[in-house]
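Colleague: Before anything else, here's the structure in question.
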Amino acid sequence: MKYLQGRDFLTVNDFSRDELWELLSLAVKLKQESKAGKAHHLLRGKTLGMIFQKASTRTRISFEVAMWQLGGYALFLSAQDLQMGRGEPVRDTARVLSRYLDGIMIRTFDHGEVEELAKHADIPVINGLTDLLHPCQAMADMQTILEKKGKLQGVKLAYVGDGNNVAHSLLLAASKLGLDITVAAPRGYEPREEVVTAARYNASRDGSAVIVTSDPLRAVTGADVVYTDVWASMGQEAEQAIRARVFKPYQLNAALLAKASPEAIVMHCLPAHRGEEITDDVIEGPQSVVFDQAENRLHAQKAILATLL
Ligand code: CP
Ligand code: NVA
């Protein structure tokens, strides 16, 4: 996959279905081989800078460990401690970092900032979450569904809750890879129109479905995968109370899960707020795959890093 070397990973929508499949196949292979004890020093001598403007457990640790396992090195860069946090332009930061590093992963608020960084950097930029998108999460999610269901094409995915960054990247990844996706969100909290339009365009290629509804029952009925995420994302803490009221009917609990296929798996990108978007019995129950999903961040990102850097 040398032809993907040097590309940015800002959104899954920048990649064709075949390219996403190649990344997923590599992720599955790297996972199986590492578990069998094989080392993959594909990035020996390479360094990834990881800029964090928001908190993280999974993204930070999985990227750092991924670089280590690939024979490279990862630098944690808190945005507050960089000159960027004191107003140094993103375009200058991009050009300076390009002289030291082989790749940049960034987690921030404004998606435009990541695009600006990518525009001015000579090295690949990987989106580790913005207010708009969370593409590395969606890749790990697709890998998890593939492993659990043995296929992606035709799998019915129901996302219940906020039409946020996670929902957006799921819409784009699912529609590229032939899943049928239904998002159930309260009015006023639906996924952004331009993302839904892009997903519908992707889906029109092979006739898969992209549905947005305000009815959680409609979304979950017969679903193979039921997915939820927090009601208030990072940066929305002030809206927590109002969101808790609006989203109450969208809680993923045993009654709602009972409407899904009996073999349905339960997914959540984590961190989870038990008793809010998901109940303790559901996240701890036999259908939950949330820790396999979290593990796959490592494998999916190793495939991304090994391919792009
Ligand atoms: N799912 C996810 O991105 O988790 P972190 O916020 O812990 O990185
Ligand atoms: N939607 C959540 C995802 C966290 C991984 C947030 O942006 O806070």
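Colleague: Of a type in the set (A, V, I, L, M, F, W, C), surrounded by fewer than 20 Cβ atoms within 10 Å (Cβ to Cβ) and closer than 26 Å to GLU22 by Cα, is that true of LEU70? Walk me through how you get there before you give the answer.
Modeller: Numbers: of a type in the set (A, V, I, L, M, F, W, C): yes; surrounded by fewer than 20 Cβ atoms within 10 Å (Cβ to Cβ): no; closer than 26 Å to GLU22 by Cα: yes.
Criteria not met by LEU70.
Colleague: Within the range 198-207, which residues are surrounded by fewer than 24 Cβ atoms within 10 Å (Cβ to Cβ) and under 23 Å from CYS136 (Cβ atoms)? Spell out how you get there, then give the answer.
Modeller: So in the range 198-207, the residues surrounded by fewer than 24 Cβ atoms within 10 Å (Cβ to Cβ) come out as 198, 200-207.
Correct list: ALA198, TYR201, ASN202, ALA203.
Colleague: So which pairs qualify, if the first residue must be in the range 44-59 and under 20 Å from PRO271 (Cβ atoms), the second must be among the hydroxyl-bearing types (Ser, Thr, Tyr) and away from ligand 2 (no atom under 12 Å from the Cβ), the Cβ gap must be under 7 Å, and the two must be at least 6 apart or on different chains?
Modeller: Between residues of the range 44-59 that are under 20 Å from PRO271 (Cβ atoms) and residues that are among the hydroxyl-bearing types (Ser, Thr, Tyr) and away from ligand 2 (no atom under 12 Å from the Cβ), the close pairs are PHE52/SER78.
Colleague: Which pairs do you get when a residue that is among the small types (Gly, Ala, Ser), found in the range 268-294, comes within reach of a residue that is away from ligand 1 (no atom under 16 Å from the Cβ), reach meaning Cβ atoms under 7 angstrom, with the pair 6+ apart or on two chains?
Modeller: The qualifying pairs are SER288/VAL282.
Colleague: I want to confirm something. Restricting to the range 58-74 and keeping residues that are farther than 24 Å from LEU146 by Cβ and not in a helix (DSSP H, G or I), which single residue is nearest to the chain's Cα centre (by Cα)?
Modeller: Residue satisfying both the conditions and the ranking: ALA74.
Colleague: In the range 20-52, which residues are aliphatic (A, V, I, L, M) and touching a His at 6+ places or on another chain (Cβ under 7 Å)? Step through it out loud before you land on a result.
Modeller: Of the residues in the range 20-52, the ones aliphatic (A, V, I, L, M) are 20, 23-24, 26-28, 30, 36, 39, 42-43, 48, 50-51.
Answer for the range 20-52, where residues must be aliphatic (A, V, I, L, M) and touching a His at 6+ places or on another chain (Cβ under 7 Å): ALA27, LEU30.
Colleague: What residue, of ARG95, ARG107, ARG91, is of a type in the set (Lys, Arg) and closer than 30 Å to VAL290 by Cα? Steps first, answer last, please.
Modeller: Details: ARG95 fails: closer than 30 Å to VAL290 by Cα; ARG91 fails: closer than 30 Å to VAL290 by Cα.
Answer to the check: ARG107.
Colleague: Does MET142 count as touching a helix residue (DSSP H, G or I) at 6+ places or on another chain (Cβ under 6 Å), part of a helix (DSSP H, G or I) and within 16 Å of ligand 1 (Cβ to nearest atom)? Please lay out each step first, then the result.
Modeller: Numbers: touching a helix residue (DSSP H, G or I) at 6+ places or on another chain (Cβ under 6 Å): yes; part of a helix (DSSP H, G or I): yes; within 16 Å of ligand 1 (Cβ to nearest atom): yes.
In short, yes.
Colleague: Just for strands (runs of 3 or more DSSP E) wholly inside the range 204-285: which have at least 2 residues that are more than 18 Å from ASN165 (Cα to Cα), away from ligand 2 (no atom under 15 Å from the Cβ) and out of contact with any Phe, Trp or Tyr (no Cβ under 6 Å at 6 or more places or on another chain)?
Modeller: Details: elements: 210-213, 225-228, 265-268.
In the range 204-285, 265-268 are the strands (runs of 3 or more DSSP E) which contain 2 or more residues that are more than 18 Å from ASN165 (Cα to Cα), away from ligand 2 (no atom under 15 Å from the Cβ) and out of contact with any Phe, Trp or Tyr (no Cβ under 6 Å at 6 or more places or on another chain).
Since every read-out is calculated from the coordinates, none of them should be taken as a lab result. These numbers were taken from a predicted model, which means no experiment stands behind them. Cβ coordinates were reconstructed from backbone atoms using ideal geometry, including for glycine residues, and neighbour counts include every protein chain displayed.
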